[in-house]
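Student: Quick one: the structure is below, questions incoming.
The values are calculated or read from the model by the stated rules, or taken from the named source; none is laboratory data. None of these values were measured; they are calculated from a predicted model. Every residue, glycine among them, receives a Cβ derived from its backbone with ideal geometry; neighbour counts consider all protein chains shown.
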Amino acid sequence: MATNQYQENGRHLRVAPTSGAALSGDPGLFGILPGVAELDQDDDNMTTMDFGGVYLLAVKGEDKNGNTAVTAGDILYWDTDTLNKNVTDGVRFGYALLDVGSGATTTIPVKIGY
């Protein structure tokens with residue numbers, strides 16, 4: 001058995017998010033790792049983030065060219081504090097599990113991760 005294991009799995013980690021994830025339930029990034037804050041950030045800007053699972057998150061029906069519908073199964077990107085389909089400016093975040101109309105912002109289940 002390896003003696004250098006730090007943590008059994010890396011799904012829940014205490015980190016300082018690099019964008020978003022300031023309050024419990026907020027999506028955001030730690031570097032390019034997508035996750036959701038489980039706790040509000042503390043005075044040291046640290047929180048525990050979940051880097052897997054399915055969360056109800058606000059998704060906007062847009063991409064780099066403007067409004068466009070999101071279809072269940074589409075890849076979503078973290079784009080300046082918004083989840084959408086902007087592959088050009090965003091960081092890959094996860095998958096839409098329901099549809100979002102073009103230009104609409106709707107809370108839907110999102111599968112976090114690649």
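Student: Within the set of pairs 6+ apart or on separate chains, which have a first residue in segment 95-114 that is under 19 Å from GLY53 (Cα atoms), a second that is hydroxyl-bearing (Ser, Thr, Tyr) and in a loop (DSSP other than H, G, I, E, B), and C-beta atoms under 8 Å apart?
Tutor: ALA96/THR71; ASP99/THR71
Student: Follow-up. For segment 69-81, what are the residues that are at pLDDT below 95 and not charged (D, E, K, R)?
Tutor: THR80
Student: Which one of the conditions (1) buried (at least 16 other Cβ atoms within 10 Å of the Cβ); (2) at pLDDT below 95 does GLU62 fail to meet, given that it meets all the rest?
Tutor: Condition not satisfied by GLU62: (2).
Student: Answer yes or no: is there a residue in segment 14-22 that is in a loop (DSSP other than H, G, I, E, B) and crowded, with 19+ Cβ neighbours inside 10 Å.
Tutor: Within segment 14-22, one or more residues are in a loop (DSSP other than H, G, I, E, B) and crowded, with 19+ Cβ neighbours inside 10 Å.
Student: Next question. Scan segment 26-57 for residues that are free of Cβ contacts under 8 Å to residues at least 60 places away in the same chain, surrounded by 14 or more Cβ atoms within 10 Å (Cβ to Cβ) and either closer than 14 Å to VAL100 by Cβ or among the small types (Gly, Ala, Ser) (or both) and report the count.
Tutor: 4
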